[in-house]
Amino acid sequence: MKEFPNPALTKDEALAALDTAAALVKQNLPMFTHVCQNHSSVNDIYPTCKNDQWTCGFWPGEIWLSYERTGDSAYRDAALVLVDSFMDRIVNKIEVDHHDMGFLYTPSCVAAYKLTGSETGKQAAILAADQLISRFQEKGQFIQAWGALGAADNYRYIIDCLLNVPLLYWATETTGDAKYADIAHRHVTTCLANSIRPDGSTYHTFFMDPVTGGPVRGATCQGYKDDSCWARGQAWGVYGTALSYRYTKRPEYLDAFRRVLAYYLERLPDDLVPYWDMTFISGDEEPRDSSSASIVACGLLEAAKYVDEAEAARYTKLAAQMLGSVVKYYAVTEGPIGVGLVRHGTYSKKSPYNTCTPEGVDECVSWGDYFYMEALTRFVRDWELYW
Ligand code: GLY
């Protein structure tokens, strides 16, 4: 496995960074308690939004992580106000016709249930799990990501869904109904069979045949082009395989983790924070995606629990090196109300070959802030995860 000379974050530095992040979250609570935080910032300041984006779960997740760090009830009270809005969203089916139920309901509502016993959080998250499995396609054995169910032009899944399926493992554990975890396993099996190329890089999206259920082709939406490797997709692959291994202990998931990680490490620039697509390397004048580094650090710290001592030590050191760079060069330490926690994330950058809407390029991104705090929390202690 590739090794790097970069300095590793110390525990004291991680604790200080976590305290700085929690203080910024507290500063921003008045702005984002009765409304949500936009997916990405504008000049580092987040606009508000309604609870109707796929990203609205990350800000409550930051509040819960701050509550865990400080024990300050102001965080808990604000997060519980947001939990009510998540219940309203799922009951009234507001912008839930897509697969991002895990991103939405895990850091907000599962966290609320785990930390406070919130029944609203638990019920909302189970309704979200039901919504997620309603998108499972028997023909092809996958959870359809976007669009009208069964539509031929959207008969596909995306690698990001590896972070939605932990909601299903949780739903099985919580309800005792095996159907959720069963669908998770069938989806992950399809994903790992098709989405990882022989060199360990990944496709962002993958089309299946609606008639035969067979694999058709990989394509990108937010990466540079179909056969390049979108950095965040690769990061979802790293963390998602580690999480599915946690719940199933299937060796093929750990094997996939190692292959996807190896490719990711090979393509990193000197400061260990990838460009938005891994086709770009040191010296390219392209924006970074700092969120990918924090997501991968979470995956490394999760996988370290399941491998032998030497491998675990390598993963922990790598995570400390990646976080060291994010803390030193990317993290925000102060700013006006609404400021994000980590600069230089990229949501969707338009290229001549991709299909995305350009948004949030070289900005703070809501999940980047959340996974930064999660990675720091994982690094300083044995954390009972929300996923
Ligand atoms: N799940 C969409 C993204 O990572 O941008």
Quiz item: Yes or no: A112 over 26 Å from R250 (Cβ atoms) and open to solvent by less than 10 Å² (accessible area, probe 1.4 Å)?
Solution: yes
Exercise. Please find, among L265, L261, L254, L243, the residue that is in contact with a Pro (Cβ under 7 Å, 6 or more places away or on another chain) and assigned to a helix (DSSP H, G or I).
Key: L243
Quiz item: Do we find a residue being under 20 Å from W236 (Cβ atoms), surrounded by 17 or more Cβ atoms within 10 Å (Cβ to Cβ) and within 15 Å of the chain's Cα centre (by Cα) anywhere in the range 125-142?
Solution: no
Quiz prompt | Number of positions in the range 331-364 that are closer than 22 Å to L15 by Cα and outside any loop (DSSP other than H, G, I, E, B) | solution = 3
Quiz prompt | Matching residues in the range 266-303 - criterion: being under 18 Å from P5 (Cβ atoms) and touching a strand residue (DSSP E or B) at 6+ places or on another chain (Cβ under 8 Å) | solution = P269, V273, P274, I281
Quiz item: So which pairs qualify, if the first residue must be in the range 3-31 and within 11 Å of M373 (Cα to Cα), the second must be acidic (D, E), the Cβ gap must be under 6 Å, and the two must be at least 6 apart or on different chains?
Solution: V25/E62
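Yes/no per residue for (1) buried (at least 21 other Cβ atoms within 10 Å of the Cβ); (2) more than 22 Å from L243 (Cα to Cα):
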| position | (1), (2) |
| --- | --- |
| P269 | no, yes |
| D277 | yes, yes |
| V307 | no, no |
| T316 | no, no |
| P336 | no, yes |
| V342 | yes, yes |
| T346 | yes, yes |
Self-check item: Residue in the range 123-141 that is hydroxyl-bearing (S, T, Y), assigned to a loop (DSSP other than H, G, I, E, B) and within 18 Å of F86 (Cα to Cα) present
Solution: no
Quiz prompt | Inter-residue pairs, beta-carbon under 9 Å, first basic (K, R) and modelled with pLDDT of 95 or more and in the range 37-60, second part of a strand (DSSP E or B) and more than 12 Å from the ligand (Cβ to nearest atom), 6+ apart | solution = K50/C36
Practice problem: Scan the range 196-217 for residues that are away from the ligand (no atom under 16 Å from the Cβ) and either at pLDDT below 95 or within 26 Å of Y372 (Cα to Cα) (or both) and report the count. | Solution: 3
Quiz item: Can you name the condition, by its number, that T33 falls short on among (1) more than 19 Å from the chain's Cα centre (by Cα); (2) buried (at least 18 other Cβ atoms within 10 Å of the Cβ); (3) under 30 Å from L272 (Cβ atoms)?
Solution: (3)
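Rundown of residues vs (1) surrounded by fewer than 18 Cβ atoms within 10 Å (Cβ to Cβ); (2) under 22 Å from Y239 (Cα atoms); (3) among the aliphatic types (A, V, I, L, M), yes/no style:
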site	(1), (2), (3)
V25	no, no, yes
Y46	no, no, no
C49	yes, no, no
E62	no, yes, no
Y67	no, no, no
V83	no, no, yes
I90	no, no, yes
P107	no, yes, no
Quiz item: Which residue pairs have Cβ atoms under 8 Å apart, sit 6 or more places apart or on different chains, and have a first residue in the range 93-116 that is part of a helix (DSSP H, G or I) and a second that is open to solvent by 60 Å² or more (accessible area, probe 1.4 Å) and more than 16 Å from the ligand (Cβ to nearest atom)?
Solution: Y113/E119; K114/E384; L115/R76; T116/R76
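Tell me the residue from A312, A375 that is buried (at least 24 other Cβ atoms within 10 Å of the Cβ) and farther than 18 Å from N28 by Cβ, please.
Result: A375 is the single residue among A312, A375 that is buried (at least 24 other Cβ atoms within 10 Å of the Cβ) and farther than 18 Å from N28 by Cβ.
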Quiz item: Residues in the range 193-207: is at least one basic (K, R) and buried (at least 22 other Cβ atoms within 10 Å of the Cβ)?
Solution: no
Self-check item: Residue check for R259: of a type outside the set (G, A, S), surrounded by 19 or more Cβ atoms within 10 Å (Cβ to Cβ) and more than 22 Å from W367 (Cβ to Cβ)
Solution: yes
Exercise. Give the residue, chosen from T248, T241, T220, T279, that is over 23 Å from W387 (Cβ atoms), away from the ligand (no atom under 14 Å from the Cβ) and polar (S, T, N, Q).
Key: T279
Quiz prompt | Single match in K317, K305, K328 (criterion: of a type in the set (D, E, K, R), in a loop (DSSP other than H, G, I, E, B) and more than 17 Å from A231 (Cα to Cα)) | solution = K305
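The values are calculated or read from the model by the stated rules, or taken from the named source; none is laboratory data. Bear in mind the structure is a predicted one, so any value in this text is a computation, not a measurement. Ideal geometry is used to build each Cβ from the backbone, glycine not excepted, and the neighbour counts take in all protein chains shown. Surface accessibility is based on the protein's heavy atoms, side chains included, excluding ligands, DNA and RNA. Shrake-Rupley method; radii C 1.70, N 1.55, O 1.52, S 1.80 Å.
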